[in-house]
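Worksheet: the structure to be examined is printed underneath.
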Amino acid sequence: MLFRSPDDQLACRAKSYLVPGNLVFPGKAKGDLTCVSYQTTNWSNPWAVGWVPSATLAKVDTASRPTAADWLGKWKTTGAEITITRARDGRFVIKGLATLKVARDVRTGVLDAEVRPEGAMLAFADDGRPLAEAGEGDCLVRMRRLEQSLVVEDNGQCGGLGVSFTGLYRRN
């Protein structure tokens, strides 16, 4: 059951729903409810937020030491695709395309980087530089493996207005 607010009233029940096994990102708790965000298949609004009974949530651990094979492949989410392959020197080649349909226009964003894997997260500017070397206005990306998914977060500077690689990706 998903609620639009922590008030447990029939009027606050959302039309969208979650099923057992869906991955959600928890936020604050209020009473016996927790605010969660989760990815939808809706192009115009790919993320939804609502309140769920806290007792229905189970913690999921990220991979503490993912292997190269855990990262490699073609990953897809609503409006974006990322391909991770191996370079000759042990780095990863990351190529991505994100699109956003707006009226009669399509806005795009592109990732094209070579990144050396370090630990459980890949963090880089879109040209492969470490985050510490990135400049103002650069596209910044963090990737983490979570169960069978790839969680990607960017800073909103990776393409046209409203274009983002942020999402929960599934390997194809």
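Quick notes
- Karplus 3J(HN,Hα) series, Hz, for the range 107-116 with 6.51 cos²θ - 1.76 cosθ + 1.60 (x for Gly, Pro): 9, 10, x, 10, 10, 8, 9, 10, 10, 8
- Sorted largest first by accessible area at a 1.4 angstrom probe radius, with every protein chain in place, the residues K28, K74 fall in the order K28, K74.
- Theoretical FRET efficiency, 1/(1+(r/R0)^6), r = Cβ-Cβ of D127 and S37, R0 30 Å, to 0.05: 0.55
- Area accessible to solvent at D105, 1.4 Å probe radius, in Å²: 80
- Fully extended contour minus Cα-Cα distance, from R171 to L57, at 0.36 nm per residue: 38.6 nm
- Heavy atoms of S54: accessible area, 1.4 Å probe, square angstrom to 10: 40
- Solvent-accessible ranking of F92, F25, largest area first, probe 1.4 Å: F25, F92
- By accessible area with a 1.4 Å probe, ligands and nucleic acids excluded, highest first: order of T67, T166, T77: T67, T166, T77
- Area of M121 that stays accessible when all protein chains are in place (1.4 Å probe, Å², to 10): 60
- Note on R88/L161: beta-carbon distance plugged into 1/(1 + (r/R0)^6) with R0 of 30 Å gives a FRET efficiency of 0.25.
- Look at the alpha carbon pairs under 8 Å that are at least 6 residues apart: their mean separation over the length of the range 63-172 gives a relative contact order of 24 percent.
- Positive minus negative residues near A125 (Lys, Arg vs Asp, Glu; Cβ under 9 Å): -3
- Length available on full extension from A103 to E118: 0.36 nm per residue minus the Cα-Cα distance, which gives 1.3 nm.
The values are calculated or read from the model by the stated rules, or taken from the named source; none is laboratory data. These figures come from a predicted structure and were not determined experimentally. FYI the Cβ positions are ideal-geometry reconstructions off the backbone, even for glycines, and counts take in every protein chain you see. Protein only, heavy atoms only, side chains kept; ligands, DNA and RNA dropped before computing areas. Shrake-Rupley method; radii C 1.70, N 1.55, O 1.52, S 1.80 Å.
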